[in-house]
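Encoded as structure tokens, the structure appears first; notes follow it.
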Amino acid sequence: MTTLLYRGKTYTTHHEPAPKACRELNYHQQHYNTCRAQLKRDHHPQLNYRGIQYIKDAPKSECASAEARLRNDRQAYLAVARDLAEAQFQRGDAELAKRLWEEVGDRGMDVDRITHLLYGCWFQDDAEAMREADEEFLAAHHA
């Protein structure tokens, strides 16, 4: 029996708490067990932001290789080029363009590749045209 002291009075439970019923669930081909104590950080081990994948709690060597992959990831370059095209050409927002160029530098991205995507492709909204311009740049500079 459990006792509780509250405002000077002692309270006792009259019955034991019901045991927790464990359930095995399958949802969208995922297996879940309700008895497993799951930490909040386990819910989303992989995150995506603007097409870039981030891995939480990865070992340092894996993080370094993941960052190298992210730098060379085509989707990251295309997303930054689209954002820069919108900031510079459509909005004319110098402050936003400056921040985006600083982000390119901070992430160690290839400035020539971004510049080629900005000026070598006429339509930044066309994913196929952007992909072709990126392949053209990579073929010319990594051949």
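Only the coordinates and a few stated rules stand behind these numbers; no lab work does. All figures in this text were calculated on a predicted structure; none of them were measured in a lab. Reconstructed Cβ throughout: ideal geometry from the backbone, glycine too, with neighbour counts over all protein chains shown.
How many residues are part of a helix (DSSP H, G or I) and under 25 Å from the mean Cα position of the chain (by Cα) if we restrict to the range 116-125?
Of the residues in the range 116-125, 2 are part of a helix (DSSP H, G or I) and under 25 Å from the mean Cα position of the chain (by Cα).
Suppose we filter R91, R99, R131 for residues that are of a type outside the set (S, T, Y) and in contact with a Leu (Cβ under 9 Å, 6 or more places away or on another chain); which single one remains?
On inspection, the qualifying residue turns out to be R131.
With (1) surrounded by 15 or more Cβ atoms within 10 Å (Cβ to Cβ); (2) on the phi > 0 side of the Ramachandran plot as the list, and G92 as the residue in question, which single condition is left unmet?
Answer for G92: the failing condition is (1).
Tally the residues that are buried (at least 16 other Cβ atoms within 10 Å of the Cβ) and either in contact (Cβ under 8 Å) with a residue 60 or more places away in the chain or under 14 Å from D125 (Cβ atoms) (or both), restricting the search to the range 72-86.
Total meeting the criteria: 8.
Do we find a residue being of a type in the set (V, I, T), closer than 18 Å to Q75 by Cα and out of contact with any helix residue (DSSP H, G or I) (no Cβ under 7 Å at 6 or more places or on another chain) anywhere in the range 109-124?
Yes, because at least one residue in the range 109-124 is of a type in the set (V, I, T), closer than 18 Å to Q75 by Cα and out of contact with any helix residue (DSSP H, G or I) (no Cβ under 7 Å at 6 or more places or on another chain).
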